[in-house]
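First the structure, in the form of structure tokens, and then the observations on it.
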Amino acid sequence: MAWSQSGLPSVEAFVEGGGSFIRNTEYKYLTCQQNGTRFGSQPCPPPETFNYAGRLFFGTRFRTGSNAFDAGYSYSNNPAGLYDRQDLYSFNYVRYLPLKPKVQPFVTVGLGGSRFSGTSNPSTSFKFVWNYGGGGDIALRWHLALRLELRDYVGGQPAMFTGLSHTIVPSAGLVFRFSELIPHAH
């Protein structure tokens, strides 16, 4: 039996790298609404913008058969923005879909928070987020897999902005399973 289809409980740790494509649906500085410029003479950004930043993920997943729960943390720097750091915290339900033993696709939905901070702006802003997405684990060994994933984190903007933010995150990484390291006899 493949490591990903066993009904026995297991604990997995994962590390992933990727990026964030941040889509701001109403990317408006509050000062732009008042006078059309930000920080003196700089023009306001367009209503919809995309920013890209690298992102690193860490987390753990508890799994029994097709159901799993995970907790994750990710960090991204955004040197072009007013807030140059975004931390995402998430708690998710994951449902694995039946397929071949070596490839295990999944869908996920969860809740969490997004913390914006930075050196150029001493204030910190924490916003509630929810996320959804999908991906797949490709078994490399009984205790090791490659994970490919795409999620969208939807939540509020930092304090000086209005509207919703979509942080679209493609990532890839490694998964190490601490339980079930020895394959079962058929």
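Odds and ends about this structure:
- Around the amide H of Gly118, modelled in the peptide plane, lie the amide H atoms of Asp84, all under 5 Å away and 5 or more residues distant in sequence or on another chain.
- Environment charge of Phe14, counting only residues whose C-beta is closer than 14 Å and scoring Lys/Arg +1, Asp/Glu -1: +1
- The local environment of Ser125, defined by Cβ-Cβ distances under 14 Å, has a net charge of +1 under the rule Lys, Arg +1 and Asp, Glu -1.
- Val15-Leu164 FRET efficiency (beta carbon distance; Förster radius 30 Å; 0.05 resolution): 0.55
Each reported figure results from applying straightforward, stated rules to the coordinates on display, with no laboratory input. Everything numeric here is computed off the predicted structure, so don't read it as measured data. Positions of Cβ are backbone-derived with ideal geometry, glycine not excepted, and every protein chain shown enters the neighbour counts.
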